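S.K.: Below you will find the structure I want to go over with you.
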Amino acid sequence: MKSTLKYTLIPIIIVITIIIGTFVFYNRLKSSRPKYGPDYKLDTEFSLEALKTISQDSHEFGSTNQLSVKNYIIESISPFSKGTVEQTFTTRVPVAEALDTHRFVTGYNIFAKSKLKHKKNCTILIGSHYDTKKLPKGKCLGANDSGSSSVLLMDYLRYLDSISNSDINPECSLSFVWFDGEEAVLFGWNEWKNYPDTYQDNTYGSRYFAAHLESCTGKYSRYCLPEEISSTREEIVAFILFDMVGSYNLRLSRDLNSDLGLQDIFASIWNSKNQTKIYKGSYVDIEDDHIPFVKKRIKSIDIIDLNNLDHWHNDQDNIEYVSIQDLSRVAESGMEFILRLASKPQILYSK
Ligand SMILES: [Zn+2]
């Protein structure tokens, strides 16, 4: 009788020990997981309204429509940001209809800083462009290219404002920039390469922005925000670019020019949140607004879908082909990504 009881008790004790052990381990794991704020969800009403407004007409670099879009973005984000700055620049561009001639165009980059409190003098810079492609015939409304990423950044500022009085207090700040003049003025995106006498015809705004960063001796990079756009002159830890992130069945492209560490971190976040694979196809050499930052050795990533190109640079890039669900997915992984980088910038430099 005694030995039967002993043999019955042993497995029960083992099972109880395993249950308690698992519980303690799980709770430890939970508390050691860094907290990056309440779960962010893209505000679909706010984003759709902004996307409708921005993509109601084409708005090319140097056009009057682009001035209206610039004013609309500034007006929309001002209540949510610490300060909004217009960075004005004038540049020479080729004339598509007469290749041996040029004209001067004034462009406007928009810079805004999130209200989230932070501990140190460093920033994660997040960018998008906000101009549309000029077509030889018809109009490109640019709902995906560049509307999707423009509203994503606007919604980020809205959300960060809503948590600015919480105890979320990362090491670095989050700064946002909307570039003007990403699209080539000539009809092909790299047509200028066929005319050796001409000059690079795209990424006008980002090249100007990167060229006007201040040199500094930071912990993570050698460049800081210039005084003209941020009086605190924060060191730029990383540059995160979003472009064309609103296609149905979004599949991101693996870019050769993006930082591998940043790609790994973003992919691990994406894979923990989504059933679908993040990347499609092999590595591609993507020329976009991140290149001027890559050239300055600032760790950069281009989060872009160059697989879904049916409506790219044509008159079908309108809101009916933008999937708010796919945009939400990239936005949600992106928010965790930028908050993680701002909270622990050293993870980028530990490898
Ligand atoms: Zn484009």
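S.K.: What do you reckon, is Tyr248 aromatic (Phe, Trp, Tyr), within 16 Å of the ligand (Cβ to nearest atom), modelled with pLDDT of 95 or more and surrounded by fewer than 21 Cβ atoms within 10 Å (Cβ to Cβ)?
M.R.: Values: aromatic (Phe, Trp, Tyr): yes; within 16 Å of the ligand (Cβ to nearest atom): no; modelled with pLDDT of 95 or more: yes; surrounded by fewer than 21 Cβ atoms within 10 Å (Cβ to Cβ): yes.
When the stated conditions are applied, Tyr248 does not pass them.
S.K.: Would you mind finding the one in Glu182, Glu228 that is within 16 Å of the ligand (Cβ to nearest atom) and under 19 Å from Thr90 (Cβ atoms)?
M.R.: Numbers: Glu228 fails: within 16 Å of the ligand (Cβ to nearest atom).
It is Glu182.
S.K.: Moving on. Out of all the residues in region 106-115, is one or more among the basic types (Lys, Arg), within 16 Å of the ligand (Cβ to nearest atom) and either modelled with pLDDT of 95 or more or closer than 29 Å to Glu45 by Cα (or both)? So that I can check it myself, show each step before the final result.
M.R.: Pass one, region 106-115, residues among the basic types (Lys, Arg): 113, 115.
Still in the list and also within 16 Å of the ligand (Cβ to nearest atom): none.
No, because not a single residue in region 106-115 is among the basic types (Lys, Arg), within 16 Å of the ligand (Cβ to nearest atom) and either modelled with pLDDT of 95 or more or closer than 29 Å to Glu45 by Cα (or both).
S.K.: Going through region 96-133 one residue at a time, which ones are without any contact (Cβ under 8 Å) to a residue 60 or more places away in the chain, assigned to a strand (DSSP E or B) and touching a Ser or Thr at 6+ places or on another chain (Cβ under 6 Å)?
M.R.: Phe104, Thr106
S.K.: Give the residues of region 136-169 that are within 12 Å of the ligand (Cβ to nearest atom) and at pLDDT below 95, sorted by residue number.
M.R.: Of everything in region 136-169, nothing turns out to be within 12 Å of the ligand (Cβ to nearest atom) and at pLDDT below 95.
S.K.: Taking region 300-351, which residues are within 14 Å of the ligand (Cβ to nearest atom) and farther than 21 Å from Ser55 by Cβ?
M.R.: Asp302
S.K.: Run down Ile324, Ile286, Ile319, Ile301 and say which single residue is at pLDDT 95 or above and more than 22 Å from Tyr248 (Cβ to Cβ).
M.R.: Step by step, each of Ile324, Ile286, Ile319, Ile301 is checked, and only Ile301 is at pLDDT 95 or above and more than 22 Å from Tyr248 (Cβ to Cβ).
S.K.: Something else now. Please name all residue pairs, on different chains or six or more residues apart, with Cβ atoms under 8 Å, provided the first residue is in region 140-159 and is among the acidic types (Asp, Glu) and the second residue is away from the ligand (no atom under 11 Å from the Cβ) and outside any helix (DSSP H, G or I).
M.R.: Asp155/Leu42; Asp155/Asp43
S.K.: Something else now. In this structure, is Asp259 more than 16 Å from the ligand (Cβ to nearest atom), under 13 Å from Asp302 (Cα atoms), of a type in the set (Asp, Glu) and in the same structural domain as Ser114 (by TED's automatic domain parsing)?
M.R.: On the way: more than 16 Å from the ligand (Cβ to nearest atom): yes; under 13 Å from Asp302 (Cα atoms): yes; of a type in the set (Asp, Glu): yes; in the same structural domain as Ser114 (by TED's automatic domain parsing): yes.
For Asp259, the condition - more than 16 Å from the ligand (Cβ to nearest atom), under 13 Å from Asp302 (Cα atoms), of a type in the set (Asp, Glu) and in the same structural domain as Ser114 (by TED's automatic domain parsing) - is met.
S.K.: Mind telling me which of the residues Ile278, Ile324, Ile286 ends up being more than 30 Å from Pro136 (Cα to Cα) and β-branched (Val, Ile, Thr)?
M.R.: Values: Ile324 fails: more than 30 Å from Pro136 (Cα to Cα); Ile286 fails: more than 30 Å from Pro136 (Cα to Cα).
Just one listed residue meets the conditions, Ile278.
The values are calculated or read from the model by the stated rules, or taken from the named source; none is laboratory data. This one's a predicted model, so the numbers in the text were calculated from it and none came from an experiment. All Cβ positions, glycine included, derive from the backbone under ideal geometry; neighbour counts span all protein chains shown.
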